[in-house]
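Engineer: Could you have a look at this structure, given as structure tokens, before my questions?
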Amino acid sequence: MASASPVSTQNAVLSCGVEEDATFAPTALGKLERSIEGYEVMVAAEMIVAVRAIRLRKETEGADAGPLGALIELAQQLPADMIDRDLRGDVDIARALIPAFSRVVRDVSA
């Protein structure tokens, strides 16, 4: 993935050999923006896997209080069915849950 490579390895040919004075900040910003979407999808997929594992093990029982209870309550927004299907809709829901999940985690670590 081109977004994962360092921008400092890029080069540009400008007039009169002044390429070493060119900034690659716009290129770096573009790569960062593309990377964020990829990370969101990765975190959402991990969230789906974790929630499915917790549901399969029935670990939600007795976790009504505290941060774990808050996370499990948020996870109820994810579809509960475990059938083999296209998970793009689940990933979209999980991506929307990332800010709420991060608030719970941030409050615990504060």
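Each value in this text was obtained by applying a stated rule to the coordinates, not by laboratory testing. Quantities reported herein were computed from a predicted structural model and do not represent experimental measurements. Neighbour counts are summed over all protein chains in view; Cβ atoms, including those assigned to glycine, are modelled from backbone coordinates with ideal geometry.
Engineer: Quick one: Ser109, Ser35, fewest Cβ neighbours within 10 Å first, how do they rank?
Structural biologist: Ser109, Ser35
Engineer: Using 1/(1 + (r/R0)^6) with R0 = 22 angstrom and r between the beta carbons of Leu68 and Arg106, what's the FRET efficiency to the nearest 0.05?
Structural biologist: After rounding, the FRET efficiency stands at 0.90.
Engineer: Here is a further query. What distance in nm separates the two pseudo spin-label positions at Ile98 and Arg34, each 7 Å out from Cα along the beta-carbon direction?
Structural biologist: With each label placed 7 Å out from Cα toward Cβ, I get 1.7 nm.
Engineer: Can you give the FRET efficiency for Arg88 and Lys58, using 1/(1 + (r/R0)^6), R0 = 30 Å, r = Cβ-Cβ distance, to the nearest 0.05?
Structural biologist: Given R0 = 30 Å and the Cβ-Cβ separation, E is 0.65.
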